[in-house]
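Peer 1: Got a structure here, written out as structure tokens. Questions coming.
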Amino acid sequence: MEALNNIVGAINGVVWGWPMLILILGVGLFLQVFLKFMPILRVGTGFKLLFEGRENQGEGQISPFNALMTSLSATIGTGNIAGVATAVFLGGPGALFWMWMTALVGMATKYAEAVLAVKYRETDELGNYVGGPMYYIKNGLGPKWYWLAPAFALFGAIAAFGIGNGVQANGVAQVLDSNFGINTSVTGVILMVLTAAVILGGISRIGAVAGKLVPFMAVSYILAGLLVLLINASEIGNAISMVFTYAFTPSAATGGFAGAAVMAAIRFGVARGVFSNEAGLGSAPIAHAAASNDSPVNQGLVAMLGTFIDTIIVCSITGLAIISSGAWTSGESGAALTSLAFETSLPGIGGSLIAISLSIFAFTTILGWSFYGEKCVGFFFGAKALMPYRILWIVAIYFGATADLGFIWLLADTLNAMMAIPNLIALALLSPIVGKLTKEYFAKRSAAQAAE
């Protein structure tokens with residue numbers, strides 16, 4: 001096990017080195033500039049379309065709203081609680097700044113992913129829409145780039161068991177054990193049963209559950225986080241100052257915090273930012289391809305909200321709660337650090353609140369990623385592979401809940417990067433298509449408004 005850990009660790013150091021950070025931020029920044037910062041300027045339009053998208057607007061299995069909720073169900077997970085805390089613990093308060101930067105450029109990435117997913121989606125032998133990076137690579141790029149499609153699907157199918165299964169199940173098991181004394185094996189079995197009840201019904205059931213559970217859990221966590229920030233209101237100004245200061249200068253050792261160089265702030269901010277909002281990974285467009293929306297740009301505008309909600313809102317609340325409460329110097333890391341920040345501000349209920357929030361976040365992530373993984377497998381073997389994959393997924397939850405957390409985090413982190421590489425290459429190559437569709441959409445929208 002130690003040898004395997006060392007091998008994966010060495011690969012992780014390569015794939016999350018400067019080249020990957022430059023690729024993720026570079027492609028996102030290129031798309032943002034190429035689109036003239038439209039994703040940032042049109043956030044309001046996105047929310048308007050999201051509200052309208054509660055009803056079906058074309059061919060597809062789920063409404064545009066439920067497509068975003070399915071995407072958010074997979075996106076809002078342990079990364080928002082444990083991931084942010086780990087980034088601050090390893091990179092200092094400045095890591096939160098780099099999470100923000102990843103999100104702002106990531107909105108353009110997520111927009112482009114969804115536009116291409118709807119544009120190049122196909123129907124499988126069951127008549128269901130399937131899409132995502134493997135399909136926009138296959139249908140949008142020439143034969144010489146086709147190899148990127150199976151590469152993405154392979155990495156995605158394997159990575160799903162890390163980021164979407166093992167890490168999430170382990171996070172729930174650990175936090176319930178430490179807060180309520182529930183045995184990790186018991187948690188594993190309960191998660192298996194609950195997951196089976198949802199995912200065996202396919203995307204329609206996943207979308208229906210996500211459409212109800214995700215808004216409830218996100219709003220509840222945001223309100224609790226805002227209460228913590230209100231209690232620590234006198235420290236918020238200082239916390240924000242530290243975020244910006246330590247983004248560009250080394251953070252000194254203080255309390256239980258060992259200090260961090262600027263490179264650590266950038267590395268862990270970007271890595272945990274991508275782990276949390278998944279912009280550039282190519283996972284979210286798999287859900288958006290199933291949306292009943294005939295307009296690729298319309299769905300893209302809805303999709304980009306996933307990154308905004310996940311990082312600019314939810315992760316910011318977690319990060320600022322940790323920094324403003326002073327918990328970041330405690331020496332704690334991961335979910336325990338976030339739990340300490342909330343418990344310090346809300347004695348008696350803060351820790352339990354985080355335990356429950358993380359459990360719900362992680363459960364919905366398991367649901368969303370099961371869909372992503374099965375579509376990656378379906379790319380190779382068709383619809384006949386879906387039920388065996390779902391069963392394997394359910395069984396894997398137990399092993400994830402009872403395994404070593406450190407190795408699973410390392411493996412998930414590594415496979416995230418392996419997924420992102422073929423997707424980011426495809427996004428850069430297909431950017432003219434995204435630009436053309438965007439220009440046509442807004443020209444038509446302006447003409448319609450003028451006619452009114």
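Peer 1: Counting residues in the range 288-330 as N, plug N into 2.2 N^0.38 Å and put the Cα Rg over that result.
Peer 2: Dividing the Cα Rg of the range 288-330 by 2.2 N^0.38 Å gives 1.78.
Peer 1: Which translational diffusion coefficient, to the nearest whole µm²/s, is obtained for the range 160-206 from the Stokes-Einstein equation, given a Kirkwood hydrodynamic radius over C-alpha pairs, 10 °C and 1.306 mPa s?
Peer 2: Result for D is 139 µm²/s.
Peer 1: Using a 1.4 Å probe, how large is the accessible area of Tyr120, given in Å² and rounded to the nearest 10?
Peer 2: Its heavy atoms expose roughly 30 Å² to the probe.
Peer 1: Using the C-alpha gyration tensor of the range 114-193, what are the square roots of 5 times its eigenvalues, in whole angstrom, with the largest one first?
Peer 2: Taking √(5λ) for each eigenvalue gives 38, 14, 10 Å, largest first.
Peer 1: Compactness ratio of the range 267-386: Cα Rg over 2.2 N^0.38 Å, N = residue count?
Peer 2: Compactness ratio reported: 1.31.
Peer 1: Here is a follow-up. Along each of the three principal axes of the Cα atoms of the chain, give the extent in whole Å, ordering the values from largest to smallest.
Peer 2: On the principal axes, the chain reaches 58, 48, 41 Å in Cα extent.
Peer 1: Can I ask one more? Quick one: order Asp294, Asp310 from most to least accessible surface, probe 1.4 Å.
Peer 2: The residues order as Asp294, Asp310, largest area first.
Peer 1: With the dipole of the range 303-452 worked out from charges on the C-beta (+1 for Lys and Arg, -1 for Asp and Glu) around the Cα centre, which of Phe308, Gly400, Thr329 lies farthest toward the positive end?
Peer 2: Selected residue: Phe308.
Peer 1: Carbon and sulfur: what percent of the range 170-227's accessible surface (1.4 Å probe)?
Peer 2: Ligands and nucleic acids excluded, carbon and sulfur give 73 percent.
Peer 1: Between Glu52 and Met387, what is the label-point separation in nm under the 7 Å Cα-to-beta-carbon projection?
Peer 2: If labels sit at Met387 and Glu52, their model points lie 4.1 nm apart.
Peer 1: Related question: Mind checking the full-extension length gain between Lys144 and Val15? Use 0.36 nm per residue of separation minus the Cα-Cα distance, one decimal, nm.
Peer 2: 44.1 nm
Peer 1: Within the P(r) computed for the range 88-244, what percentage of the Cα pairs occupies the region above 28 Å?
Peer 2: Value for the range 88-244 (Cα pairs over 28 Å): 45 percent.
Peer 1: Compute, for the chain, the length of the dipole vector about the Cα centre, with Cβ point charges of +1 (Lys, Arg) and -1 (Asp, Glu) only. Units Debye, rounded to 20.
Peer 2: 940 debye
Peer 1: What is the projected area of the convex hull of the Cα atoms of the range 131-175, averaged over all directions, in nm²?
Peer 2: Across all orientations, the range 131-175 yields a mean hull projection of 3.3 nm².
Peer 1: Take the alpha-carbon centre of the range 225-293, take the same for the range 1-50, and report the distance between them in whole Å.
Peer 2: 13 Å
Peer 1: Let me ask something else. Could you report the accessible area of Phe380 in Å², rounded to 10, computed with a 1.4 Å probe on the protein chains as they sit in the structure?
Peer 2: Looks like 90 Å² after rounding.
Peer 1: Give me the 1.4 Å probe accessible area per residue for the chain, excluding ligands and nucleic acids, in Å².
Peer 2: Roughly 36 Å² per residue, with all protein chains present.
Peer 1: Which values of log₁₀ I(q)/I(0), to two decimal places, follow from the Debye formula for the range 1-124 at q = 0.13 Å⁻¹ with a uniform point scatterer at every Cα?
Peer 2: The computed values of log10 I(q)/I(0) come out as -0.75.
Peer 1: Under the definition of Cα pairs under 8 Å and six or more residues apart, what whole-number percent is the relative contact order of the chain?
Peer 2: Dividing the mean separation by the residue count of the chain yields 35 percent.
Peer 1: Something else now. At 1.4 Å probe size, with no ligands or nucleic acids counted, give the accessible surface of Glu332 in Å², nearest ten.
Peer 2: 80 Å²
Peer 1: Which whole-number value in Å³ per residue fits the convex hull of the alpha carbons of the range 163-237?
Peer 2: Enclosed volume per residue, from the Cα hull, is 133 Å³.
Peer 1: What number do you get for the range 334-452 when its Cα radius of gyration is normalised by 2.2 N^0.38 Å, N = residues?
Peer 2: Here the Cα radius of gyration is 1.60 times the empirical estimate.
Peer 1: Hey, could you pull the Cα Rg and Dmax for the range 208-285, both in Å?
Peer 2: 16.7, 47
Peer 1: What is the gain in length, in nm to one decimal, between Ala3 and Val186 on full extension, counting 0.36 nm per residue of separation less the C-alpha to C-alpha distance?
Peer 2: Additional length available on full extension: 62.9 nm.
The values are calculated or read from the model by the stated rules, or taken from the named source; none is laboratory data. Since the model is a prediction, treat every value here as computed from it, not as a measurement. As a convention, Cβ positions derive from the backbone with ideal geometry for all residues, glycine included, and neighbour counts pool all protein chains shown. Only protein heavy atoms, including side chains, enter the accessible area calculation; ligands, DNA and RNA are left aside. Shrake-Rupley method; radii C 1.70, N 1.55, O 1.52, S 1.80 Å.
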